[in-house]
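S.K.: So that we are looking at the same thing, I have put the structure below in structure tokens.
None of the figures in this text is laboratory data; all of them are computed from the coordinates on show. Here the structure is a predicted model, which is why all the values come from computation and not from measurement. Ideal geometry is used to build each Cβ from the backbone, glycine not excepted, and the neighbour counts take in all protein chains shown.
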Amino acid sequence: MIQVFSQERERLCLLQGYKGLAIKKKLADGDKELTFQYPRTGEAAGHLKNECYIVTQEDEFVLKEISGGKQWRKYTALLNLEELQGKSFEYFETVERTVRECLEVALSGTGWRVGICEVEKKRTIRKENVCDVLAIIGQCISTYRVEIAYHSREKVIDVYERIGSDRGAYFMEAVNLRRPPAFTSSTNGIYTQIRPIGKGGLRINVDGKDYIENHSFSPKDIMMTWKDERYTIPESLAEDAAIKLEELCRPVVTYEVDVIDLAKTSEEYRDILQYGIGDTVMLVAKTDGIKEKMRITVITEYPETPENNTCQLSTAKKSFADVQNKVKEEAVAEATAVAAANAQNPKERGGVTLEGMRMEIETAKEEILKRVEEEYVRKDVISGTGD
């Protein structure tokens with residue numbers, strides 16, 4: 001069931017006559033995307049305008065894109081998080097607070113609230129540039145190592161250590177896999193050692209070392225230095241460094257699977273083949289000699305034709321492109337921090353002007369971004385993943 005509302009929240013119609021309804025769910029950030037097709041000359045075509053609201057039984061979306069040909073148009077709507085995008089902070093900080101406490105500060109006045117929250121550890125969240133609530137939520141996901149679920153109709157955010165479970169479901173050829181899965185394995189950005197540095201040069205001490213090792217995949221010594229000024233407690237710094245390294249020390253393996261959702265098409269399979277976002281499933285593909293457990297990180301569901309559902313299984317929640325963007329962001333942040341530190345001591349810089357400092361900051365950003373791009377291109381060429 002799809003209802004259409006105007007930008008002023010006036011109910012316009014109950015949409016009928018559409019086809020290809022699909023909802024894409026992502027584990028990495030909890031976001032969702034809705035797409036469908038509707039006749040160009042359909043009765044409700046005049047109501048389907050950019051920025052109108054599309055409401056399903058579970059969620060509320062905002063129509064963002066309209067495209068198509070002579071007979072059918074394709075409509076793409078994104079999860080309605082307008083209130084979270086609409087509230088901004090010039091500076092945001094919560095020091096050694098739980099994720100619930102942090103989010104309650106960020107969500108104040110938005111109409112949203114925190115629902116389930118299973119995480120009790122305390123961390124510091126700091127955004128020194130102008131940002132919206134969505135950016136703070138993204139930082140919470142990264143810093144607290146949590147997973148979130150949006151309930152856009154109720155305006156509730158649930159926070160979990162880990163979404164989903166292992167229900168014993170499996171994807172298997174000749175059962176619920178239509179074809180052998182598409183496979184990708186990447187060691188771009190792999191590290192086996194991490195040296196974390198906190199505020200004011202804070203270091204850790206693990207068996208006399210200021211770094212942590214994880215050689216569970218590779219015996220190579222590949223060191224990463226990770227600096228984060230928000231950490232003031234060595235134990236927290238060491239704990240999060242170990243978790244970070246656990247993800248970075250092994251290949252990111254991803255399978256694209258075309259799966260028949262038998263649990264939704266037959267009562268017979270409901271208890272043994274049911275699955276959801278974040279669940280761990282056993283992938284068995286004899287053609288490629290695959291038998292391993294993986295997490296579902298992306299699901300594209302077709303509510304009215306569940307036999308067309310597809311999934312992405314991966315050892316990491318984020319794609320390589322997401323990781324690459326994160327590296328770029330951290331590089332720019334580091335360049336800005338260095339330039340800002342230099343700007344605090346102008347007398348030691350031989351009378352450098354403010355305009356000169358600004359030019360240095362921009363030059364540093366451009367040089368670092370160029371190096372990041374070159375490094376990833378080089379790795380793509382070596383691994384054979386480049387276009």
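S.K.: Beta carbons within 10 angstrom, averaged per residue: use that to sort the peptides 206-219, 16-29, highest first.
M.R.: Details: 206-219: 12.6, 16-29: 16.9.
So the order, starting with the most tightly packed, is 16-29, 206-219.
S.K.: Provide the FRET efficiency to the nearest 0.05 for the E96-Q16 pair, computing r from the beta carbons and using R0 = 51 Å.
M.R.: The value I calculate is 0.45.
S.K.: Just need the relative contact order of region 193-248 here, percent rounded to a whole number, with Cα pairs under 8 Å and 6+ apart.
M.R.: 49 percent.
S.K.: How large is log10 of I(q)/I(0) for region 183-309 at q = 0.09, 0.10 Å⁻¹ when the intensity is taken from the Debye formula with one equal scatterer per alpha-carbon?
M.R.: These q points yield log10 I(q)/I(0) values of -0.44, -0.52.
S.K.: OK, next. So which trypsin sites (Lys or Arg not before Pro) in region 65-102 are both in a DSSP loop and have at most 10 other Cβ atoms within 10 Å of their Cβ?
M.R.: For trypsin sites (Lys or Arg not before Pro) across region 65-102 that sit outside H, G, I, E and B with at most 10 neighbouring Cβ atoms in 10 Å, the list reads K70.
S.K.: Can you give me the distance in nm between label points at R9 and E120, each placed 7 Å from the Cα along the Cα-to-Cβ direction?
M.R.: Simple spin-label model gives 3.8 nm for this pair.
S.K.: Something else now. Return the FRET efficiency for the residue pair S67, V130: r is the Cβ-Cβ distance, R0 is 41 Å, and the value is rounded to the nearest 0.05. Spell out each step's value before the answer.
M.R.: Numbers: r = 32 Å, r/R0 = 0.78.
The pair S67/V130 has a calculated efficiency of 0.80.
S.K.: Considering just Cα atoms, how many Å³ per residue does the convex hull of region 215-266 enclose?
M.R.: Working: hull volume 9.1 nm³, N = 52.
So the per-residue hull volume is 176 Å³.
S.K.: Compute the whole-percent fraction of alpha carbon pairs in region 2-79 spaced more than 14 Å apart.
M.R.: 58 percent
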